[in-house]
Structure formats: C-alpha cells, structure tokens
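The values are calculated or read from the model by the stated rules, or taken from the named source; none is laboratory data. Every value quoted in this text rests on a predicted model; they were computed, and no experiment measured them. We place every Cβ from the backbone using ideal geometry, glycine too, and count neighbours over all the protein chains shown. Heads up: the accessible areas ignore ligands, DNA and RNA and are worked out on the full protein's heavy atoms, side chains in. Shrake-Rupley method; radii C 1.70, N 1.55, O 1.52, S 1.80 Å.
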Amino acid sequence: MYGNVAIDGPAGAGKSTAARMVAERLGYIYIDTGAMYRALTWKVLNSGSRWDDEEIIRLAAVTKIEFSLDEQGGLQTICDGSDVSREIRERNVSANVSRIARIAGVRRRMVELQRRMAAQKPVVMDGRDIGSFVLPDAPHKFFLIASLEERTRRRCRQMEEQGIDFDRSQVSADIKARDEMDRSRTVAPLVQAADAKLIDTDCLTLHQVVALIIKEIRGE
Ligand code: CDP
Ligand code: CDP
C-alpha cells in the first residue's frame, strides 16, 4: 500500500476526474470533498434558512453526507439519505458554495468527516486544502493547475455533453470569481502544500495526468 493521496487545485483543473481514475487504478476509495461543500450548499439553498453563519454551522452539524456507488460504478453524493449528485452541479450551487466554504465552523465539520473517512481505508481525496490541511501527513500530494482559458474550455465541453445551456464568458467569470474567493479566505485557503508536486495540465490529456500521478506514487 502506498498511503493516502491528496489532489488539490483550482476549479476545472481536472482534479476529480483524475482522482477517480487514480483511485480505481490503486483500488483506493475516492473522496470528492467539493461534493460535500456542494451538498451542504444545496441544503442551505433549499431549506429556506437565513444566510447567517450561525444558522449554516448549525445545519452543517446535523447534515449527513455520504458517498455510494451507482450500478455503473459512478460516485453518488448522498445528503440526508437522498441522492443529490445532479442537483449539486447546478449553477446556483456553484455560485454560492464558496460563500459557505469560507465559514470556519462549516470547514471544521467537513474536515472532521473527511478525516474520519480517510482513517478507515486508504483514499484518494481531492479538494482545495487536502494536502495543506486535511491530510498534512499524506505521503503523496499533487497540485493540478491549468490556465483559465483551458479550464473554461473543459467546463463548457462538460456542459455541452450533458446538454446544459451555458454562456462561455459567464462560465469563465464564475470560475475566476470562485477561485479568488477560495484563494483569499482566512481558513484553509486554496494553496499548494510545500511538499505537493505541481502538475500543469494545460498540454496534457487526462490519461497523461493519471499516468504521471501513478508513476510518482509508485516511485518509478
Ligand atoms: O469541481 P470544481 O473544481 O468546480 O469544484 P469542487 O471541487 O466541487 O468544489 C466546490 C467548492 O467547494 C470550491 O470552489 C470551494 O469553495 C469548496 N471546497 C473547499 O473549500 N474545500 C475543499 N476541500 C473542496 C471544495
Ligand atoms: O475537479 P475539477 O474541477 O478540477 O475538474 P474535472 O471536473 O475533473 O475536469 C473538468 C473536465 O476537464 C472533465 O470533463 C475532464 O475530462 C476534462 N479534462 C481534460 O479534458 N483534460 C485534462 N487534462 C483534465 C481534465
């Protein structure tokens, strides 16, 4: 066994797709921490709650977030027993998630859940603060980046494939705004851990990224 793998980086850098494939190759559990913040955001948006930090922290404490696999082996995000995998990708959730993820009490709760998951079995975990904060002792850390143009292109292609309408300049502006909020928050911001390997994915295919990560983990 190689130990836990942490993959961080900005939106659209290819973290979750690569992390899922690396987990499959190693026989590890994949944990999508962004989906956890998204699930809580979805719940807040649909609960009619006030946008008040104390209220959101209270909701976070009583929200159950789990992962399961569907028949095709796809990751499902389960919030309080309901599959919210589709809903958490909606624009309204994307536009509000960073506002919720900046709340210290929310992060405390999510990090506690994430560490508990990683204590059970070896994991590949992706997010913003995994290498720098959630799993500081993970022996394998990666920080994926790509230009804003490339990340916008990828997100638009993803939406095209899913039949979702989009405006390219809006997608780009949304990604930029979310990155800025994630980088500038006081608690566990988006940052490359000192011991993380930087991978610029601009000119790499997904398979090349995965091959690089696997090679590094195996020490080849
Ligand atoms: O898939 P995408 O890169 O667009 O985002 P995500 O990984 O689903 O994460 C959604 C949001 O959750 C991020 O923009 C952050 O605000 C927050 N997040 C976080 O604060 N810490 C993490 N470990 C993961 C996500
Ligand atoms: O999780 P994150 O927001 O970092 O990105 P993602 O959702 O894994 O990747 C966004 C899209 O970019 C996916 O459709 C990937 O297949 C694609 N991608 C790519 O085309 N080339 C790469 N080197 C990495 C990702």
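Couplings 3J(HN,Hα) for segment 122-139, derived from phi with the Karplus relation 6.51 cos²θ - 1.76 cosθ + 1.60 (θ = phi - 60°), are x, 10, 10, 10, 10, x, 10, 10, 5, x, 8, 9, 5, 10, x, 8, 4, x Hz, where x marks Gly and Pro. Estimated translational diffusion coefficient (Stokes-Einstein, Kirkwood radius over Cα pairs, 20 °C, 1.002 mPa s) of the chain: 121 µm² per second.
Amide H contacts of Lys197 (H built 1.01 Å from N, in plane; Pro and chain starts excluded): Lys141, Phe142, Phe143 sit under 5 Å, all sequence-distant by 5 or more or on other chains.
To the nearest 10, the accessible area of Val93 is 0 Å² with a 1.4 Å probe.
Label positions at Asp52 and Arg157, each projected 7 Å from the Cα along the C-beta direction, are separated by 4.6 nm. Do the alpha carbons of any pairs in Lys43/Lys121; Lys121/Lys197; Lys43/Lys176; Lys64/Lys215 sit beyond 31 Å of each other, and which pairs? In this structure, Lys64/Lys215 exceed 31 Å between Cα atoms.
Stretching Arg218 away from Ser68 to a fully extended chain increases their span by 51.3 nm, per 0.36 nm per residue minus the current alpha-carbon distance.
Rounded to whole numbers, the Karplus 3J(HN,Hα) couplings from phi for segment 86-100 are 6, 4, 6, 9, 5, 4, 4, 5, 4, 6, 10, 4, 5, 5, 7 Hz, using 6.51 cos²θ - 1.76 cosθ + 1.60 with θ = phi - 60°, and x at Gly and Pro.
For Met159, the accessible surface of its heavy atoms amounts to roughly 40 Å² (probe 1.4 Å, protein chains only, rounded to the nearest 10). Per-residue accessible area (protein heavy atoms, 1.4 Å probe) orders Arg107, Arg154, Arg50 as Arg50, Arg154, Arg107, starting from the largest. The HN-Hα couplings worked out from phi for segment 176-188 by the Karplus form 6.51 cos²θ - 1.76 cosθ + 1.60 (θ = phi - 60°) are 4, 5, 5, 4, 5, 5, 5, 6, 9, 6, 6, 8, 6 Hz, whole numbers, x standing for Gly and Pro. Taking the empirical scaling 2.2 N^0.38 Å for compact globular proteins as reference, segment 61-157 has a Cα radius of gyration ratio of 1.20. Other residues within the sphere of radius under 15 Å centred on the Cβ of Gln76, judged by their own Cβ, net out at -2 (K and R +1, D and E -1). Each residue was assigned an accessible area with a 1.4 Å probe, and for Glu55 the value is about 40 Å². A cut-off of 5 Å between modelled amide H atoms, ignoring neighbours fewer than 5 places along the same chain, links Ser85 with Thr77. Just to be sure I understand: of the beta bridges DSSP finds with both ends in segment 5-218, what percent are antiparallel, rounded to 5? Restricted to segment 5-218, the bridges split so that about 30 percent are antiparallel. Here's how it looks for Arg185: its modeled amide H is under 5 Å from those of Leu190, which are all 5 or more places away or on a different chain.
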